[in-house]
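What follows is one structure encoded as structure tokens, with my remarks underneath.
The values are calculated or read from the model by the stated rules, or taken from the named source; none is laboratory data. This is a predicted model, so every value here is computed, not measured. Because the Cβ atoms are built from the backbone with ideal geometry, glycine has one as well, and the counts that use them run over all protein chains shown.
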Amino acid sequence: MTSPLVGIDLGTTNSLVCVYEEGTARPLTDDLGHTMIPSALALDDEGHLTVGAIARERMAAGLPGLARFKPFMGTDRTLSLGDHRLRPEEASALVLRELKAMAERRLGTTVSEAVVTVPAWFGEPQRRATLDAAVLAGLQVTQLLNEPTAAAIAYGVEQGDDPQVVGVIDLGGGTFDITILELFDGVVEVMGSTGDTHLGGEDFTDALIRGAAEQARVQAPTDGAFRAAAEHAKRRVCSGGEATLQLGATTVTLDEARLRAWCAPLVARLERCIREAMFQAKVRAGGFDRVLLVGGAARMPLLGEVASRLCGRDAELAGDLDHVVGRGAALQAGLHARHWALSEVLVTDVLTHTLGTSTTRSHGGMELYDRFSPILSRGTTLPATARQRYWTLRKGQTFMDIEVYEGEARHVRDNTRLGQITIDDIPENQDDHEAVWVRFTHDVSGLLVVDVEVESTGKTHELAIERTGRSLRPSDLEAARRRLAALRIHPRELLPNKFLWERANRLVTLTSGPLREHLDHQLTAFEAAMETGDADSIDQVRRLLQRTVTQVQDELGMEL
């Protein structure tokens, strides 16, 4: 049996896995019936690693855990979880491993390949770290797909053949992307794409916390319980209501005006990204047929207002807001497999970061080193090829290094170095500077080929950079596998019970009086039933506890 065609949306706050089968893409669920898995890790009281909903519950109760590690992908940052030290890609690998196991349980077969989405504005280090995470999770990535492009695929495949210019604006938990595309005759053509890898819904929550703390003249709390309360308050305010936050002895009232003031710098960053994408795609306000909002944080009215004003058309929430990126990834997996139902769909993408080389320039008798010379510019439709002519710095020079960089900065030291070709066969008997032609060729799969031709001899040198290759050495990967294997995973069949226990345990701390006593009594009975191992007893007590938990949540205004 062939491996199922799955797509994974690896998010900052939540992640999900979708499968393509029988002509459609659909999200899969965990043992709780949830499609969205929190991208969070925690250790339970016995030292077992918990991933997802249970981890989020423990963090909301103020217990240690890890979340929001996606923005640190591709960095040397070390994350601490109890006695464990994890790299960001190792933490992401645990989330991917959970999604893989969840898909295998639902589909009843091994899942070994996936299309995984990344923010369009992820650079080479972040993309390589994402691939390292997949390797550690036991997955082979057939493609890293830009998140807004994935949303565009899901939308485009389902919209038919009517020509349209569509803006897809994706505000997730930790990243922001906008992609402008044209749909025509089964083609999904990306015209422009830009974004910010450190701007998401969590940053708006941070702004709310900072603003409230400044108003109360106290230090901003950092515990998970307060953050959960702040997130809930943000949602209430975004829904048009008011909310309060308790900071020490001060109660801060939150309303829309305060939230807008505190988030003004973030809104300015959203605006800058949207303008850049429109400039890149050569689309003016009013030139859109539709503007779609996707991502978990896209429900904030602020985003819709900014998008509508700049794009000249009312922005609308995508119908399947939380799942559209994952479904697009699964559809792309079907395209990779040349599935018959997708045979007439063609997807193009654009280069999200400029590629070039390092040069030395002369000006006023001075030699200026470390200068970036672009060859393939961001926004270029892929596949693409371009070449530039360069000369040796000195007459009679017999060698030169062609270094390859990714980025937008004028100085290469501020960009990302991808590789180097050394040309050591330039003729010695030159009377002038030798010229070389440098050609960059980039395909849609992520392969960059650099070839250099010495003009006087016609000799060529070639460097192939697999931009979807791994960055960790085999020994590093093996060491990481051992570290992850040492973390004990809680038995999966206990997930519904464990989640309900965590939720009820947290609610006990938020209630008082007879209600607390009643909840504590039912929780104790549930614990006793689980100790017996009797499935019927556990099921009976769980139903009673679930009803009480739902009642308490409704009274407190909490979301499950």
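Checking the structure you have, find out if any residue of the stretch 101-111 is crowded, with 18+ Cβ neighbours inside 10 Å, closer than 25 Å to residue 318 by Cα and over 16 Å from the mean Cα position of the chain (by Cα). Looking for residues that are crowded, with 18+ Cβ neighbours inside 10 Å, closer than 25 Å to residue 318 by Cα and over 16 Å from the mean Cα position of the chain (by Cα), one finds at least one in the stretch 101-111, hence yes.
Among the residues of the stretch 186-241, those identified as among the aliphatic types (A, V, I, L, M), out of contact with any Phe, Trp or Tyr (no Cβ under 9 Å at 6 or more places or on another chain) and assigned by TED's automatic domain parsing to the domain that holds residue 57 are 187, 190, 191.
Residues of the stretch 256-306 being of a type outside the set (Val, Ile, Thr) and assigned to a loop (DSSP other than H, G, I, E, B), which ones? Of everything in the stretch 256-306, those that are of a type outside the set (Val, Ile, Thr) and assigned to a loop (DSSP other than H, G, I, E, B) turn out to be 263, 282, 284, 285, 286, 287, 288, 289, 295, 300. The residue of the stretch 370-389 that is surrounded by the most Cβ atoms within 10 Å (Cβ to Cβ), among those that are touching a Ser or Thr at 6+ places or on another chain (Cβ under 6 Å) and within 17 Å of residue 407 (Cβ to Cβ), is 378. Looking at the stretch 389-431, which of the residues that are out of contact with any strand residue (DSSP E or B) (no Cβ under 9 Å at 6 or more places or on another chain) and charged (D, E, K, R) is modelled with the lowest pLDDT? Among those that are out of contact with any strand residue (DSSP E or B) (no Cβ under 9 Å at 6 or more places or on another chain) and charged (D, E, K, R), it is 431. Screening the stretch 28-66 for residues that are under 17 Å from the mean Cα position of the chain (by Cα) and not small (Gly, Ala, Ser) and picking the one that is farthest from residue 115 (Cα to Cα) gives 66. May I ask you to say which residue of 167, 173 is in a loop (DSSP other than H, G, I, E, B) and surrounded by 21 or more Cβ atoms within 10 Å (Cβ to Cβ)? Going through 167, 173 in turn, the sole match is 173. The set of residues in the stretch 7-47 being surrounded by fewer than 22 Cβ atoms within 10 Å (Cβ to Cβ), modelled with pLDDT under 90 and outside any loop (DSSP other than H, G, I, E, B) consists of 21, 24.
Does the stretch 471-482 include one or more residues that are over 29 Å from the mean Cα position of the chain (by Cα), among the hydroxyl-bearing types (Ser, Thr, Tyr) and at pLDDT below 80? Write out each step before concluding.
Let us first name the residues in the stretch 471-482 that are over 29 Å from the mean Cα position of the chain (by Cα), namely none.
Among the residues of the stretch 471-482, not one is over 29 Å from the mean Cα position of the chain (by Cα), among the hydroxyl-bearing types (Ser, Thr, Tyr) and at pLDDT below 80, which makes the answer no.
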